[in-house]
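Engineer: Below you will find the structure I want to go over with you.
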Amino acid sequence: MDLSTHNKLVSFIWSIADDCLRDIFVRGKYRDVILPMFVLRRLDCLLEGTKDKVMEEVRFQREEVGLVELDAEGLREASGYVFYNISDWTLKKLVTTAANNAQILEANFKAYLDGFSDDVKEIIDKFDLRNQIRKMSQADVLLDVLEKFTSPEINLSPHEVTDNNGRKLAGLTNLGMGYVFEELIRRFNEENNEEAGEHFTPREVIRLMTHLLFIPVKDQLPPVILVYDGACGSGGMLTESQNFIQDSQGEIASSAVVNLYGKEVNGETYAICKSDMMIKGNNPENIKFGSTLATDDFAGIKFDFMLANPPYGKSWKTEQRYIMDGNNVLDPRFEVSLTDFWGEIKTEKAVPRSSDGQLLFLMDMVGKIKPLSLSPLGSRIASVHNGSALFTGDAGSGESNIRRYIIENDYLEAIVQLPQNLFYNTGISTYIWILSNHKAPHRKGKVQLIDASNLYRKLRKNLGAKNCEFAPEDIETITNIYLSLHDDNNHTFKSLTNLSSNNLSSNKISGELANKISEELSNKTSEELSNEFSSRESLSGFISIVHNNQNEEQKFRFPLLNKQGIKECVSKVFNNEDFGFYKVTVERPLRLMAQFTPDRIASLRFVSAIAEAMEWIYNHLGEKVYQDLKAHEKDIKAHLEKEEISITPANLKTLLSQKKWLEQKELMVKAQKIATGLETITGTNNNEKIWTDFNLFTQEVDRVINQLKIKLSASEKKQILGAVSWVDESAEKVIKKVHKLKKDKLEELLNQLGITVNGRNKKVDEPNKMVDERSRIKENLANFGYFSTDKPDVYVEYESDTNLRDTENIPLNYYLSSSTIDENLNINQNLNINESLNVNESLKPSTFAHRVAIIEDYFLEEVRPHVEDAWLDMSKTVIGYEISFNKYFYQHQPLRSLQEVSKEMLELEAQTDGLLKNLVSFAQI
């Protein structure tokens with residue numbers, strides 16, 4: 001179909017809305033009539049040629065075979081399509097037999113609709129077409145609309161026809177019909193641009209995705225290709241993929257059979273997508289209705305290619321009951337196997353926060369990857385996400401686990417940052433993720449990040465939030481950078497010798513500009529040319545300068561700038577581990593002082609969590625709280641409501657429990673006995689004695705409790721000690737536990753912690769002198785919270801102060817930039833302790849022990865110099881992954897100098913000199 005025919009059809013169908021529906025439907029609702037009627041007319045045209053065969057088949061099944069329920073397979077065979085209509089009506093027959101009775105026409109039309117096969121009926125229901133027919137019938141425009149769609153002036157059939165003037169109208173192929181259909185969708189989406197981005201991805205974005213997805217493997221495509229979109233909307237990604245693969249004039253021009261699969265939760269867009277599948281001859285049964293997250297309609301099917309633009313920033317709470325049961329994951333799609341810091345393989349949740357489910361769609365696709373045992377090509381995925389998918393979620397969270405699983409399995413090939421305001425309903429930054437389980441050898445273990453946020457052309461008119469687009473050359477530029485794995489991080493230019501204009505050639509990138517630069521370069525000397533290369537950064541457009549030297553071709557890339565001198569497209573290549581980090585908990589000791597005073601003892605009358613409310617009740621009721629608290633329950637609740645005191649149901653129950661009040665009173669009495677006993681034993685006045693060593697204080701308290709035979713539960717004792725103590729940095733550290741670590745226990749602890757005593761290079765006064773092995777052990781154990789004492793083999797653990805607790809994110813590749821890690825780390829050699837200590841051989845240098853050494857090294861370099869009493873709590877260590885484009889692509893723009901700003905101000909002042917005087921003079925006139 002040529003462009004003029006395409007435009008004529010679109011314009012004619014578009015005009016039906018203005019001619020027939022104005023003042024009956026609001027402009028934004030025209031699509032509710034035009035799209036389903038357009039689909040219906042196309043299906044009607046396809047069935048016209050076999051209508052008699054279908055009716056004969058109906059007669060045969062009913063009269064000769066005696067079937068009550070017709071055989072659908074026979075009817076499909078008669079119609080020649082996967083759908084059929086068994087009514088006596090066609091759209092043309094409805095028009096030619098119409099009388100001046102809208103009700104009869106409506107009844108006949110509905111009988112026509114009822115004659116369709118179930119898949120078409122489903123589309124009709126999702127479009128809510130019967131309701132639209134009723135509205136048109138009531139407004140008496142139903143016949144007008146039918147006449148327009150059956151007009152001989154347009155041809156929606158696949159066969160050539162002649163109009164009333166004898167002109168031949170070419171038939172519409174499925175591909176041509178799809179283009180018309182998609183153009184209508186696009187126009188209606190522009191009319192309703194506030195909704196467009198929900199189910200309509202800009203076509204140039206889809207084209208970029210198809211280029212990145214299919215071009216790298218265009219010569220390896222299988223004869224049958226399965227393509228899947230779990231958030232297919234109106235089906236644009238699916239049909240664009242099919243067109244890109246099969247277009248005879250395209251880059252691939254494959255004869256492969258392409259089977260499309262998709263799922264959509266919105267009824268109307270589902271109907272549009274399924275209609276499009278029918279129009280283009282695809283199997284509509286492969287398009288499912290419903291939530292992709294709630295149910296997996298394609299479980300067990302593996303796909304060659306998958307594309308999606310899932311909703312981002314959208315809650316998935318309605319699907320949560322299908323995915324989670326409390327803390328348990330119900331759907332295996334959203335669980336992953338990950339190795340924890342200690343080397344143990346565990347099943348972890350791949351479930352993000354409930355307010356944003358976009359990464360669940362990505363995991364749905366990852367679960368449908370073809371293993372290489374089934375297909376040597378594997379699977380490739382292109383998925384659009386916003387920035388939160390890159391970095392939201394701390395280490396160990398669902399988002400981080402998903403990123404970690406994808407990167408550690410070496411699925412992630414590239415991420416492309418798109419320009420802002422490229423989509424219809426959002427101006428935020430968006431990104432295309434490219435995944436594959438069969439990376440090219442030079443891509444293995446690497447991830448390419450491409451910043452194309454400045455590569456676009458402005459639209460003459462905004463379409464909702466969309467104010468820019470990719471030009472075809474922009475898509476080509478991004479694709480070429482992706483294919484070449486271009487890396488601006490390590491972009492170096494070889495020196496050129498004996499280079500003249502005779503051996504320069506340029507690859508076409510931007511027409512006249514390329515020729516102009518080539519001509520300019522050809523006049524430079526080799527030294528000038530080399531300097532030119534080294535002084536420029538690699539940008540989006542580039543010319544490949546080829547130097548033929550001794551039958552060896554050397555390529556040099558010459559970068560281009562946009563008019564503002566801004567980088568248009570920057571590419572950087574990273575190792576997988578560059579995005580990973582250890583989240584390590586750093587503890588500091590709890591330091592407490594203690595003193596028994598009347599006020600602190602009195603505070604035990606109340607439960608700390610609800611102390612304010614209990615204090616009001618006691619001040620209001622006095623000793624009555626211990627006698628008949630229930631009688632005052634109403635007044636207490638009224639007070640809480642009046643003062644807007646928020647309290648949980650459990651705490652409210654405690655507050656109104658007379659038993660709890662009595663328990664707290666008894667606890668207060670016991671605390672007073674302990675205080676009195678402490679004075680007797682120590683011979684000091686509690687009001688004067690402040691204990692700076694909480695360890696000694698608790699020992700004395702325990703002695704009093706034992707002597708007085710006071711019965712206290714562990715929680716009661718903890719409550720008393722908590723009431724009479726407070727944090728003070730000048731106090732002694734609070735001991736949690738004392739360990740006696742001799743040979744076997746020491747060995748066990750060292751192996752458990754993965755400690756390598758000589759993980760760091762030591763500086764000693766005498767080069768050949770070994771540091772005492774026991775000193776090394778003490779030093780290293782202290783880094784992990786085991787502090788030596790004056791007694792041999794005795795170590796203490798201190799209580800940690802939760803208010804001082806901190807975390808550090810340590811890069812997985814920290815050792816690459818560290819000069820203190822021994823690259824040839826060897827467990828047995830570096831322990832430097834008695835050979836009789838049997839070190840666990842499973843702790844290989846490249847795994848657990850090495851990881852511990854990296855963290856310890858970071859701790860000693862970055863933390864210990866600033867906090868001397870800190871230690872590492874390795875039990876809380878988790879591995880996380882995040883990708884920050886700002887971190888890798890941000891370029892600092894220095895502030896202008898004061899002289900430059902002053903000069904500009906003076907120039908502006910000179911330009912405006914006299915303007916105010918002229919205005920005042922004009923006013924005086």
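The values are calculated or read from the model by the stated rules, or taken from the named source; none is laboratory data. Since this is a predicted model, take the numbers as computed values, not measurements. Counting neighbours? That spans all protein chains shown, and the Cβs are built from the backbone with ideal geometry, glycine included. In case anyone asks, the SASA skips ligands and DNA or RNA and just uses the protein heavy atoms, side chains included. Shrake-Rupley method; radii C 1.70, N 1.55, O 1.52, S 1.80 Å.
Engineer: Taking the criterion of being in contact (Cβ under 8 Å) with a residue 60 or more places away in the chain and either surrounded by 20 or more Cβ atoms within 10 Å (Cβ to Cβ) or more than 30 Å from residue 169 (Cα to Cα) (or both), would at least one residue in the range 75-91 satisfy it?
Structural biologist: yes
Engineer: Please give the number of the condition residue 689 fails out of (1) in contact (Cβ under 8 Å) with a residue 12 or more places away in the chain; (2) assigned to a loop (DSSP other than H, G, I, E, B); (3) loosely packed, with under 13 Cβ neighbours inside 10 Å.
Structural biologist: Of (1) in contact (Cβ under 8 Å) with a residue 12 or more places away in the chain; (2) assigned to a loop (DSSP other than H, G, I, E, B); (3) loosely packed, with under 13 Cβ neighbours inside 10 Å, only one is false for residue 689: (3).
Engineer: Consider residue 245 carefully, then state whether it is modelled with pLDDT of 95 or more, in a helix (DSSP H, G or I) and within 31 Å of the chain's Cα centre (by Cα).
Structural biologist: So residue 245 fits the description; yes.
Engineer: Another question, then. Where residues in the range 255-281 are open to solvent by less than 30 Å² (accessible area, probe 1.4 Å) and not in a helix (DSSP H, G or I), which of them is modelled with the lowest pLDDT? Spell out how you get there, then give the answer.
Structural biologist: Step one: of the range 255-281, the residues open to solvent by less than 30 Å² (accessible area, probe 1.4 Å) are 256, 258, 260, 262-264, 267, 269-280.
If we keep only those that are not in a helix (DSSP H, G or I) too, we end up with 256, 258, 260, 262-264, 280.
Numbers: 256: 95, 258: 96, 260: 97, 262: 97, 263: 96, 264: 94, 280: 79.
Across the range 255-281, the extreme among qualifying residues is 280.
Engineer: Restricting the range 125-142 to residues that are buried (at least 20 other Cβ atoms within 10 Å of the Cβ) and aliphatic (A, V, I, L, M), which is nearest to residue 43 (Cα to Cα)?
Structural biologist: 129
Engineer: So is residue 457 basic (Lys, Arg) and crowded, with 22+ Cβ neighbours inside 10 Å or not? If you could, list the steps in order and put the result at the bottom.
Structural biologist: On the way: basic (Lys, Arg): yes; crowded, with 22+ Cβ neighbours inside 10 Å: no.
Here the answer is no, as residue 457 does not meet what is asked.
Engineer: Evaluate the range 708-726: report whether one residue or more is part of a strand (DSSP E or B) and either open to solvent by 30 Å² or more (accessible area, probe 1.4 Å) or basic (Lys, Arg) (or both).
Structural biologist: Yes, there is a match, as at least one residue in the range 708-726 is part of a strand (DSSP E or B) and either open to solvent by 30 Å² or more (accessible area, probe 1.4 Å) or basic (Lys, Arg) (or both).
Engineer: Being under 29 Å from residue 370 (Cβ atoms), part of a strand (DSSP E or B) and modelled with pLDDT under 95 is the filter here; which residues of the range 299-327 pass it?
Structural biologist: 324
Engineer: I'm trying to understand the selection: among the residues of the range 790-811, which are assigned to a strand (DSSP E or B) and among the acidic types (Asp, Glu)?
Structural biologist: 797, 806, 808, listed by residue number.
Engineer: Checking the conditions here, which among 373, 354, 383 is in contact with a helix residue (DSSP H, G or I) (Cβ under 7 Å, 6 or more places away or on another chain), outside any helix (DSSP H, G or I) and open to solvent by 10 Å² or more (accessible area, probe 1.4 Å)?
Structural biologist: 354
Engineer: OK, next. Need at least 3 residues that are in the same structural domain as residue 207 (by the TED database) and more than 20 Å from residue 208 (Cα to Cα) per element, so show me which strands (runs of 3 or more DSSP E) inside the range 402-471 make the cut, counting only ones lying wholly within it.
Structural biologist: 457-463
Engineer: State whether the residues of the range 693-704 include one that is at pLDDT 95 or above, touching a Phe, Trp or Tyr at 6+ places or on another chain (Cβ under 8 Å), within 30 Å of residue 670 (Cβ to Cβ) and of a type in the set (Ser, Thr, Tyr).
Structural biologist: no
Engineer: Here's another thing I want to ask about it. Could you check the range 730-750 and list, in sequence order, the residues that are open to solvent by 50 Å² or more (accessible area, probe 1.4 Å), within 20 Å of residue 600 (Cβ to Cβ) and not small (Gly, Ala, Ser)?
Structural biologist: The answer is 732, and nothing else.
Engineer: From 364, 394, grab the single residue that is open to solvent by less than 10 Å² (accessible area, probe 1.4 Å), touching a residue at least 60 places away in the same chain (Cβ under 8 Å) and either part of a loop (DSSP other than H, G, I, E, B) or of a type in the set (D, E, K, R) (or both).
Structural biologist: 364
Engineer: Could you check residue 608 against (1) among the hydroxyl-bearing types (Ser, Thr, Tyr); (2) more than 30 Å from residue 455 (Cβ to Cβ); (3) open to solvent by less than 40 Å² (accessible area, probe 1.4 Å) and say which number it fails?
Structural biologist: Among (1) among the hydroxyl-bearing types (Ser, Thr, Tyr); (2) more than 30 Å from residue 455 (Cβ to Cβ); (3) open to solvent by less than 40 Å² (accessible area, probe 1.4 Å), the lone unmet condition for residue 608 is (3).
Engineer: Right, another one. Out of the range 590-611, which residues are under 22 Å from residue 678 (Cβ atoms) and in a loop (DSSP other than H, G, I, E, B)?
Structural biologist: Within the range 590-611, 590, 595, 596, 597 qualify.
Engineer: Of the conditions (1) of a type in the set (Val, Ile, Thr); (2) modelled with pLDDT under 95; (3) closer than 14 Å to residue 585 by Cβ, residue 807 satisfies every one except a single condition; which number is it?
Structural biologist: Exception for residue 807: condition (2).
Engineer: Evaluate the following for residue 421: is it over 14 Å from the mean Cα position of the chain (by Cα) and open to solvent by 40 Å² or more (accessible area, probe 1.4 Å)?
Structural biologist: yes
Engineer: Looking at 650, 675, 671, can you tell me which residue is under 52 Å from the mean Cα position of the chain (by Cα) and in the same structural domain as residue 610 (by the TED database)?
Structural biologist: 650
Engineer: Taking only the range 144-178 into account, find how many residues are under 13 Å from residue 92 (Cα atoms), touching a residue at least 24 places away in the same chain (Cβ under 8 Å), of a type outside the set (D, E, K, R) and open to solvent by 50 Å² or more (accessible area, probe 1.4 Å).
Structural biologist: So the answer is 0.
One line per residue, one yes/no per condition, for (1) of a type in the set (A, V, I, L, M, F, W, C); (2) closer than 29 Å to residue 280 by Cβ; (3) outside any helix (DSSP H, G or I):
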| position | (1), (2), (3) |
| --- | --- |
| 4 | no, yes, no |
| 53 | no, yes, no |
| 61 | no, no, no |
| 70 | yes, yes, yes |
| 88 | no, yes, yes |
| 100 | no, no, yes |
| 104 | yes, no, no |
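Engineer: Pairs under 8 Å by beta carbon, first residue under 15 Å from residue 419 (Cα atoms) and open to solvent by 30 Å² or more (accessible area, probe 1.4 Å) in the range 461-479, partner at pLDDT 90 or above and among the aromatic types (Phe, Trp, Tyr), six or more apart or different chains?
Structural biologist: Correct list of pairs: 469/456.
Engineer: Name every residue in the range 110-136 that is in contact with a Phe, Trp or Tyr (Cβ under 8 Å, 6 or more places away or on another chain) and assigned to a helix (DSSP H, G or I), in order of residue number.
Structural biologist: 111, 112, 119, 120, 122, 124, 126, 133, 135
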